[in-house]
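Here is the structure we will look at, set down as structure tokens.
The values are calculated or read from the model by the stated rules, or taken from the named source; none is laboratory data. Values in this document were obtained by computation on a predicted structure and should not be read as measured data. Here the Cβ is made from the backbone with ideal geometry for all residues, glycine too, and neighbour counts use every protein chain on show.
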Amino acid sequence: MDLGISGRTAAVAAASSGLGLASASALANEGVRVAICSRDKRRVDDAVAAIGHDSVGLVADVSTPAGAAAFVAEAIDALGTVDIVVPNAGGPPPGTFDSTPVDAYPDALNLNLLSVVAMCKAAIPAMRERRWGRVVAITSISVRQPIGTLILSNTARAGATAFLKTLATEVAGDGVTVNSVQPGLHATGRLLQLHGGDADRAAAGIPAGIVGDPDDFGGIVAFLCSEHAKFVTGTSVWVDGGAYSGLQ
């Protein structure tokens with residue numbers, strides 16, 4: 001299927017590995033020129049080599065609003081325009097209510113909420129002027145079904161989801177769609193590290209019986225950026241192999 005986005009440009013945050021890299025690769029394979037970032041230049045260079053398609057690597061730290069906005073600004077400088085933004089970042093440290101001090105929350109909110117706001121602020125005004133744009137944020141299934149040991153992530157990403165839903169209603173009439181994708185367990189290096197390299201162990205409790213393929217996840221992100229998805233906005237799509245058991 002031709003997604004109709006060949007020739008577009010995209011800024012994909014935290015895309016030197018994992019789901020960010022898979023999303024950037026999927027967009028590049030559709031003819032989108034992508035700019036990616038990481039804090040580590042070597043990892044950025046390796047990712048750019050893997051993506052190919054004249055992609056651009058930038059060293060940026062999106063854990064703060066200023067760093068997130070700077071990444072989008074640098075991507076615009078490198079690409080000329082940014083038609084698509086994929087906000088993405090790692091998660092804050094694990095913890096529970098009892099173990100997490102109040103002063104740990106601001107950093108988590110900067111990382112997983114305010115960085116999303118900043119990227120949108122930096123990119124969307126020009127999208128609205130051009131009457132075309134896509135925002136697809138990578139969040140977590142914990143927004144829908146909180147994970148008990150990830151109180152900081154649950155809190156910050158839920159706030160980002162509310163922001164994106166509100167934003168979607170404001171910019172839909174200008175040809176800009178805003179959605180998020182909520183991954184469950186996927187076969188990323190981080191997941192395998194946490195489970196001793198055993199994907200089967202990680203898959204326990206997932207109805208599909210397997211952990212997700214990052215490339216498949218990237219394909220979903222690319223579809224939400226497509227012309228075919230122009231009537232899809234304000235949604236949160238969970239991609240978790242059936243692990244989430246709620247009705248909504």
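One residue stands out in region 82-105 among those that are acidic (Asp, Glu) and in a loop (DSSP other than H, G, I, E, B): the one that is surrounded by the most Cβ atoms within 10 Å (Cβ to Cβ), namely Asp83.
Could you tell me which residue of region 54-81 is surrounded by the fewest Cβ atoms within 10 Å (Cβ to Cβ), considering only residues that are aliphatic (A, V, I, L, M) and in a loop (DSSP other than H, G, I, E, B)? Here the answer is Ala60.
Among Glu227, Glu170, which is of a type in the set (D, E, K, R) and outside any helix (DSSP H, G or I)?
Working: Glu170 fails: outside any helix (DSSP H, G or I).
Criteria check complete, one pass: Glu227.
Residue-level analysis places Val82 among those that are under 19 Å from the mean Cα position of the chain (by Cα) and either among the β-branched types (Val, Ile, Thr) or on the phi > 0 side of the Ramachandran plot (or both).
The combined condition, being outside any loop (DSSP other than H, G, I, E, B), out of contact with any Pro (no Cβ under 8 Å at 6 or more places or on another chain) and aliphatic (A, V, I, L, M), is not fulfilled by Ala108. Contact map, region 130-148: residues that are modelled with pLDDT of 95 or more paired with residues that are of a type in the set (D, E, K, R) and part of a helix (DSSP H, G or I), Cβ distance under 7 Å, separation 6+ or inter-chain. Pairs shown: Arg131/Asp174; Thr139/Arg157. Please determine, by comparing only the residues of region 149-167 that are of a type in the set (A, V, I, L, M), touching a residue at least 12 places away in the same chain (Cβ under 8 Å) and assigned to a helix (DSSP H, G or I), which one is surrounded by the most Cβ atoms within 10 Å (Cβ to Cβ). Within region 149-167, the match that is surrounded by the most Cβ atoms within 10 Å (Cβ to Cβ) is Ala156. The residues of region 19-41 that are crowded, with 22+ Cβ neighbours inside 10 Å and assigned to a helix (DSSP H, G or I), listed by number, are Leu19, Gly20, Leu21, Ala22, Ser23, Ala24, Ser25, Ala26, Leu27, Ala28.
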